[in-house]
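Peer 1: Quick one: structure below, then a few questions.
The values are calculated or read from the model by the stated rules, or taken from the named source; none is laboratory data. All values derive from a computational prediction rather than experimental measurement. Virtual Cβ from ideal backbone geometry, glycine too; neighbours counted across all protein chains shown.
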Amino acid sequence: MKKFQLCRDLFANCKGGGKFILMITIIVPAFILPIPGSLMALGNSNNMFLKNYSFTRLRIIPNNVEDTTITVHGRVTNVEGTPLFDVSIHLNGTAIGTSSDQEGKYQVTVPRGGLLVFSFIGYETQAVKIGQQSMLNIELKKNEKQLGEVVVTALGVKENSSQITYATQTIAGKALTTAPSTNFVDMLTGQVSGVNIHQNASGIGGSANIVIRGFKSVQGSNQPLIVVDGIPITNFSSDVINQTFTSMDQGDVLSTLNPQDIASITVLKGASAAALYGSEAANGAILITTKQGKAGSTEVHLSTGLTIDKAAYGIPKLQNSYGETAPGSEESWGSPISNAQNIISGFFQNGITNNNSISFSSGNEKSQTYVSYGNTSARGIIQRNNLSRNTLNVNQTSHYFNNKLSISANLSMMKQTMDNPVVSGYQATVLRGLYGFPRGLDFTPYKNYEIFDSVRNVYTQHWPFITADDQNPYWVANKNVTQNSQDRSMVSLTAKYLITDWLNIQLRGSREKVSDLNTIDYYLGTQEAYGGSNGGYQYLNETNTQYYGDALLNFMKTFNKFRVNALIGTSIKNTETYGVAAGNSTTLYIPNVFLLQNMSVANGVTVSQLSNQHEQLQSVFGSANLSYNEWLYLNVTGRNDWASTLSFTPNVSFFYPSIGLGLILNQALKLPTVISYAKLRGSYAVVGNAVPLYVTNPQNHINSQGNVRFNNTAPFTDLKPEKTRSIELGAEVRLFEDQFSLDFTYYKSNSINQFFPIAVPPGTGFSTRFVNAGNIQNSGVEINVGYSTPIGNPFQWKSNINFTLNRNVVKSLASSLGIKQFVLINDINDYSSILTIGGSYGDIYGTALEKDPKTGKLMIDTSGVPIRASGLSFLGNPNPKFQMGWSNDFSYKNFTLRISFDGQDGGKAMDLTEQMLDQLGVSKASGVARERGGVKVNGIVAETGAPINTVSAYNWYQTIGGRGGVTGEYMYDLTNIRLREISIGYLLPKRMLTGNFIKNIELSLVARNIAFLYNKAPFDPDLIYASQNGYNGVMIFNQPSTRNLGFTLNVTF
């Protein structure tokens, strides 16, 4: 055999991108680490590091092992003879291994004389020494002391689920890829108890708003920490918002990850679960584990999927009976007409989402490689709204010194471009002009959205009424051009050394860089508030770089009936942000030339360097998990953080502890045989939230015109970080050999030391200062119920129901400092979100109609116009009373079927779209009211007290409708039940696959967001106007949500 045999025919049969992928698979890992098999050493027969290795079909096998190997195959069953699926089978002391298929069958090539280990959760591990036998059938016995599954916990540490003392929930990576999507987070909706997920209404590429166990922070983030393979990553979103006028979301970092690279997602819901992350753990954590190479096997996996996305929910109903008020008017309070054009259905196009991915996985006992390339392309339902994303991910692990040293390296890269993310709000949106176009007026000429201006020799907007609110929808889509370009790269290195079989040390480091470039081109002819007289231009270029490193010393030792798992460690995170912004009500020197050099300084342009933000977090931490006889578990953690944001204060560091206790009842007591597992757990923790930058030492800024923008907030020298104290109690029960399962959790958390700005007396040089105060409490229950048919049954059914109830209460603010309420959002369009003692986070306040205090009847003036009450009134809260999800997975032979439902009870939101359309007279409600002779009311004339039962449609909707109307009349119940997903899959039988080249082919048909079984709101309750705090209870010209129909195809070679 030649020293270096490469499979020439493999390269010869690859075409185009196939060779590129294959080269990356080998060269990139070799570039990262000097692993055995580095192609850089090919041709050098004197290389002592490689001379004992041969290359055969890209498998790296030591010569002295290959000569003595044997291929072992067989079947793994339980004592009843039922085949066991996904049993872990590996050569002891190496990474060589495989797993059993659905029939319990396996095949693996190992050295003779080696020890082959068979392990499966809930069963006793069995080891067999390999001799001359090639057929090896294994029968595993149940292990009553090992009844949990392995889960990933904080810092990437893997624990048996029976040992943890808090609630977690794990979702397999396959659940994220059943349907193509531009944001895989949407696939988690309804699957995890305690987690509330809303999609931003900007359409394709928009970010997801994730809240775990309720809103906690007034001024800070309410989003969970995102951790990938043990390393925290940035997850900022490009959400640009100007109250209810405009909101444009351009995605977040999390949504750009390739879901095909994800092996699993674990949600750490409470403070105890995430306590080791200290000041970053108040909102829980989402731990993502990516796929790695497997020893003993080589696989190429191809995946492609496509969905057709059709606008389905949130399209307003318009009247077809009354025309424009007068020629040239943009309102429709005119004379009856016979019919009106359906201009909406012709405007929305079918969107398309296409995901493609290819991955290569290979390895032996010394080295494992995983390489993937992913491409996502999408077209939105509004023209020129497009997205393109490309990802590259390389995971390489190598083992040295008899597997004592393991070194893992990761390189991930992403490039995304997004054109024309959809704008919500009153202004600069395509939907205001589309929905509000006068009924009966011919829309056809305006599809030609531009006309030539012979005087200025340019094309301008073709529209009968150009205002800040009202523009030609086709012009906005084509001539208000937004482009976002995002580049992300991350490289990480992990080294783990086994000092002894009970002690190891791990070092880990990473560098992540995210660059975000956003430009908006407003062509001449755009309403001048945005485009000026020659067109307008806005520019934002921002870069975020994060360095992270940690060191962990892990101890695992058994002393008779006691076992101790402990770790101590330290970490450092350094984050830097810088950039340049330009814009601000500008115009251009030369029309429609979109360059920074062409922006007119004389017309108020502001070019400014964003403040260079630099923060650092240093930490030490430790944990100890003590178990007694595998039925009693005590877990204690502690972390101390030193944050640079606390500079200039005496509070330079803070300590965050947790303690938890778990009791496995079926091990400690003799229970009825029907109970296969029973556990009680409880925990207490203190965690924190990030501290704002430069609060203790505010900065001044300078712009391109030499003007200094002075800070007007006083230094907060007594700053303390937000803290959340949490208690959690839970129980887990499994019955009838794990066919039925119940997981119950009760929790209560109190978030204190909130940040509140308050006014300061004149003459101090400042207008505001911050104080620490307030207490926001979240308490609730989470219930997960599961059922699965017995293993071995040809028909399999797995059903899971999750239930979430959360109660949010503002326990205190800062009454002693004069803060009796805090205005989170004070919008000039009569939408406000206000915190009051005894109220809840997100409470919505707005305007209401005046009612007689004695009778409760509406007050009408002598002109027949309803009277608007003074001040703001409480209108409702968007948070649900409870949420539920129900998923069902069926399989029979090679067929699979998945059906899932989810919904919520309660919650209210304000629909300002309907309010505007009512005032314009284009809504169906305004037409019906005219046909019925007015709006029926239970009212009285304010001056006389005379009863009044009808108000004219015009008086009613001109009063309550439009900006400045009565927002209390536009609150809608968010209760809904949705058929979320149906997917049908078929795995081709192996007898239909020729040879061994193709291992698996699976085709699935999928439908998502299929139908509402119940929904009273005129919009999709899943969508939100903006992801910033306080805006999840209002809808203003949000893009409709879509129904998605498509397929996925997976092929494994």
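Peer 1: For segment 923-963, which positions are over 42 Å from the mean Cα position of the chain (by Cα), assigned to a helix (DSSP H, G or I) and more than 22 Å from residue 856 (Cβ to Cβ)?
Peer 2: The answer is 929, 930, 931, 953, 954.
Peer 1: Is it the case that segment 814-829 has a residue that's within 25 Å of residue 747 (Cα to Cα), assigned to a strand (DSSP E or B) and out of contact with any Phe, Trp or Tyr (no Cβ under 7 Å at 6 or more places or on another chain)?
Peer 2: No, there is no match, as no residue in segment 814-829 is within 25 Å of residue 747 (Cα to Cα), assigned to a strand (DSSP E or B) and out of contact with any Phe, Trp or Tyr (no Cβ under 7 Å at 6 or more places or on another chain).
Peer 1: Also, quick follow-up: Report yes if some residue within segment 133-148 is among the small types (Gly, Ala, Ser), assigned to a loop (DSSP other than H, G, I, E, B), surrounded by fewer than 21 Cβ atoms within 10 Å (Cβ to Cβ) and in contact with a His (Cβ under 7 Å, 6 or more places away or on another chain); otherwise report no. Lay out the reasoning, then the answer.
Peer 2: Of segment 133-148, the ones among the small types (Gly, Ala, Ser) are 134, 148.
Filter once more, so that each one left must be assigned to a loop (DSSP other than H, G, I, E, B): 134, 148.
After this cut, where a residue has to be surrounded by fewer than 21 Cβ atoms within 10 Å (Cβ to Cβ) as well, the list is 134, 148.
Now drop any that are not in contact with a His (Cβ under 7 Å, 6 or more places away or on another chain), which leaves 134.
Yes, segment 133-148 has at least one match.
Peer 1: Sticking with this structure for a sec: Just for segment 840-859: of the residues that are hydroxyl-bearing (Ser, Thr, Tyr) and part of a loop (DSSP other than H, G, I, E, B), which one is surrounded by the most Cβ atoms within 10 Å (Cβ to Cβ)?
Peer 2: Pass one, segment 840-859, residues hydroxyl-bearing (Ser, Thr, Tyr): 840-841, 845, 847, 855.
Remaining after also requiring part of a loop (DSSP other than H, G, I, E, B): 840-841, 847, 855.
Details: 840: 20, 841: 26, 847: 21, 855: 12.
My answer is 841.
Peer 1: Something else about it: Among the residues of segment 632-660, what is the count of those that are assigned to a strand (DSSP E or B), within 17 Å of residue 720 (Cβ to Cβ) and either touching a Ser or Thr at 6+ places or on another chain (Cβ under 6 Å) or at pLDDT 90 or above (or both)? Step through it out loud before you land on a result.
Peer 2: Step one: list which residues in segment 632-660 are assigned to a strand (DSSP E or B), which gives 632-643, 653-660.
Among the residues that remain, those that are also within 17 Å of residue 720 (Cβ to Cβ) are: 639-643, 653-657.
Narrowing further to those that are either touching a Ser or Thr at 6+ places or on another chain (Cβ under 6 Å) or at pLDDT 90 or above (or both): 639-643, 654-657.
Qualifying residue count for the region: 9.
Peer 1: Those residues that are under 19 Å from residue 1015 (Cα atoms), touching a Leu at 6+ places or on another chain (Cβ under 9 Å) and not in a helix (DSSP H, G or I), I need them from segment 907-922; list them, please.
Peer 2: Within segment 907-922, 907, 908, 909, 910 qualify.
Peer 1: Pairs needed: first member in segment 544-561, part of a strand (DSSP E or B); second member anywhere, aromatic (Phe, Trp, Tyr); C-beta distance under 6 Å; at least 6 residues apart or different chains.
Peer 2: 556/502; 557/502
Peer 1: Moving on to the next point. Within segment 250-287, which residues are at pLDDT 90 or above, in contact with a Ser or Thr (Cβ under 8 Å, 6 or more places away or on another chain) and part of a strand (DSSP E or B)?
Peer 2: 262, 263, 264, 265, 266, 267, 268, 286, 287 - these are the residues of segment 250-287 that are at pLDDT 90 or above, in contact with a Ser or Thr (Cβ under 8 Å, 6 or more places away or on another chain) and part of a strand (DSSP E or B).
Peer 1: Out of all the residues in segment 348-383, which are surrounded by fewer than 22 Cβ atoms within 10 Å (Cβ to Cβ), modelled with pLDDT of 95 or more and assigned to a loop (DSSP other than H, G, I, E, B)?
Peer 2: Scanning segment 348-383 gives 348, 349, 350.
Peer 1: Now a separate question. Could you list, in sequence order, the residues of segment 442-497 that are among the basic types (Lys, Arg) and closer than 19 Å to residue 419 by Cβ? Don't jump to the end; show me each part of the working.
Peer 2: Applying the first criterion (among the basic types (Lys, Arg)) to segment 442-497 yields 447, 456, 479, 488, 496.
Within segment 442-497, 479, 488 qualify.
Listed here are the residues, each with its yes/no results for (1) closer than 21 Å to residue 250 by Cα; (2) out of contact with any Asp or Glu (no Cβ under 7 Å at 6 or more places or on another chain); (3) at pLDDT 95 or above; (4) part of a loop (DSSP other than H, G, I, E, B).
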position	(1), (2), (3), (4)
455	no, yes, no, yes
471	no, yes, no, yes
491	no, yes, yes, no
495	no, yes, yes, no
505	no, yes, yes, no
517	yes, yes, no, no
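Peer 1: So which residues in segment 791-812 are over 22 Å from residue 79 (Cα atoms), in contact with an Asp or Glu (Cβ under 9 Å, 6 or more places away or on another chain) and either among the small types (Gly, Ala, Ser) or surrounded by fewer than 14 Cβ atoms within 10 Å (Cβ to Cβ) (or both), if there are any at all?
Peer 2: Listed by number, the list holds a single entry, 799.
Peer 1: Please tell me if residue 911 is acidic (Asp, Glu), in contact with a strand residue (DSSP E or B) (Cβ under 6 Å, 6 or more places away or on another chain), at pLDDT 95 or above and buried (at least 21 other Cβ atoms within 10 Å of the Cβ). Working first, answer last.
Peer 2: Values: acidic (Asp, Glu): yes; in contact with a strand residue (DSSP E or B) (Cβ under 6 Å, 6 or more places away or on another chain): yes; at pLDDT 95 or above: yes; buried (at least 21 other Cβ atoms within 10 Å of the Cβ): yes.
Spelling it out, residue 911 is indeed acidic (Asp, Glu), in contact with a strand residue (DSSP E or B) (Cβ under 6 Å, 6 or more places away or on another chain), at pLDDT 95 or above and buried (at least 21 other Cβ atoms within 10 Å of the Cβ).
Peer 1: Let me ask something additional. Please determine whether any residue of segment 407-416 is modelled with pLDDT of 95 or more and over 26 Å from the mean Cα position of the chain (by Cα).
Peer 2: We begin by selecting, within segment 407-416, every residue modelled with pLDDT of 95 or more; these are 407-416.
With the extra rule that they be over 26 Å from the mean Cα position of the chain (by Cα), the set shrinks to 407-408.
So far as segment 407-416 goes, yes, one or more of its residues are modelled with pLDDT of 95 or more and over 26 Å from the mean Cα position of the chain (by Cα).
Peer 1: Anything in segment 926-949 that is surrounded by 14 or more Cβ atoms within 10 Å (Cβ to Cβ) and either in contact with a Leu (Cβ under 7 Å, 6 or more places away or on another chain) or touching a residue at least 60 places away in the same chain (Cβ under 8 Å) (or both)? List them, or say none.
Peer 2: 926, 927, 928, 930, 937, 939, 940, 941, 942, 948
Peer 1: Further, regarding this structure: Does residue 370 satisfy the criteria of being over 22 Å from the mean Cα position of the chain (by Cα) and not polar (S, T, N, Q)? Let's see the steps before the verdict.
Peer 2: On the way: over 22 Å from the mean Cα position of the chain (by Cα): yes; not polar (S, T, N, Q): yes.
Yes.
Peer 1: Name the residue, out of 410, 472, that is surrounded by fewer than 23 Cβ atoms within 10 Å (Cβ to Cβ), touching a residue at least 12 places away in the same chain (Cβ under 8 Å) and not β-branched (Val, Ile, Thr). Walk me through it before giving the result.
Peer 2: Values: 472 fails: surrounded by fewer than 23 Cβ atoms within 10 Å (Cβ to Cβ).
On inspection, the qualifying residue turns out to be 410.
Peer 1: Can you spot a residue in segment 1013-1029 that is crowded, with 23+ Cβ neighbours inside 10 Å and polar (S, T, N, Q)?
Peer 2: The answer is yes; a qualifying residue exists.
Peer 1: Let me ask something else. Please specify each residue of segment 971-1001 satisfying the condition of being crowded, with 16+ Cβ neighbours inside 10 Å and either modelled with pLDDT under 95 or polar (S, T, N, Q) (or both).
Peer 2: Within segment 971-1001, 975, 976, 983, 987, 1001 meet the criteria.
Peer 1: Under 7 Å between Cβ atoms, at least 6 apart or on separate chains: pull out the pairs that start in segment 661-685 with a residue that is in a helix (DSSP H, G or I) and end on any residue that is buried (at least 20 other Cβ atoms within 10 Å of the Cβ).
Peer 2: 665/678; 665/679; 666/677; 666/678
One line per residue, one yes/no per condition, for (1) in contact with a helix residue (DSSP H, G or I) (Cβ under 8 Å, 6 or more places away or on another chain); (2) closer than 30 Å to residue 734 by Cβ:
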{"position": "755", "(1), (2)": "no, no"}
{"position": "758", "(1), (2)": "yes, no"}
{"position": "769", "(1), (2)": "no, no"}
{"position": "780", "(1), (2)": "no, yes"}
{"position": "785", "(1), (2)": "no, yes"}
{"position": "794", "(1), (2)": "no, yes"}
{"position": "802", "(1), (2)": "no, yes"}
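Peer 1: Right, next: I'd like to verify a number: residues in segment 739-768 that are out of contact with any Phe, Trp or Tyr (no Cβ under 6 Å at 6 or more places or on another chain), surrounded by fewer than 16 Cβ atoms within 10 Å (Cβ to Cβ) and more than 17 Å from residue 781 (Cβ to Cβ), how many?
Peer 2: The total comes to 10.
Peer 1: Something else about it: Pick from 1050, 1038, 1032: which is touching a residue at least 24 places away in the same chain (Cβ under 8 Å) and not in a loop (DSSP other than H, G, I, E, B)? Step through it out loud before you land on a result.
Peer 2: On the way: 1038 fails: not in a loop (DSSP other than H, G, I, E, B); 1032 fails: not in a loop (DSSP other than H, G, I, E, B).
Just a single option satisfies the conditions, and that option is 1050.
Peer 1: Got at least one residue in segment 177-185 being of a type in the set (A, V, I, L, M), over 15 Å from the mean Cα position of the chain (by Cα), under 23 Å from residue 353 (Cα atoms) and assigned to a loop (DSSP other than H, G, I, E, B)? Full working, then the answer.
Peer 2: Within segment 177-185, the subset of a type in the set (A, V, I, L, M) is 179, 185.
If we keep only those that are over 15 Å from the mean Cα position of the chain (by Cα) too, we end up with 179.
The next check asks that each one be under 23 Å from residue 353 (Cα atoms); those that pass are 179.
Filter once more, keeping what is assigned to a loop (DSSP other than H, G, I, E, B): 179.
Yes - at least one qualifying residue is present in segment 177-185.
Peer 1: Where residues in segment 964-987 are hydroxyl-bearing (Ser, Thr, Tyr) and in a strand (DSSP E or B), which of them is farthest from residue 889 (Cα to Cα)? Give the steps one after another, and end with the answer.
Peer 2: At the first step, the residues of segment 964-987 found to be hydroxyl-bearing (Ser, Thr, Tyr) are 967, 970, 972, 975, 983, 986.
Filter once more, keeping what is in a strand (DSSP E or B): 972, 983, 986.
Details: 972: 34, 983: 9, 986: 13 Å.
By that ranking, first place goes to 972.
Peer 1: So which residues in segment 815-829 are crowded, with 17+ Cβ neighbours inside 10 Å and at pLDDT below 85? Working first, answer last.
Peer 2: Here is the first cut: in segment 815-829, the ones crowded, with 17+ Cβ neighbours inside 10 Å are 819, 822, 824-825, 827, 829.
The answer is 819, 827, 829.
Peer 1: Right, residue 610: part of a strand (DSSP E or B) and modelled with pLDDT of 90 or more or not?
Peer 2: Here the answer is no, as residue 610 does not meet what is asked.
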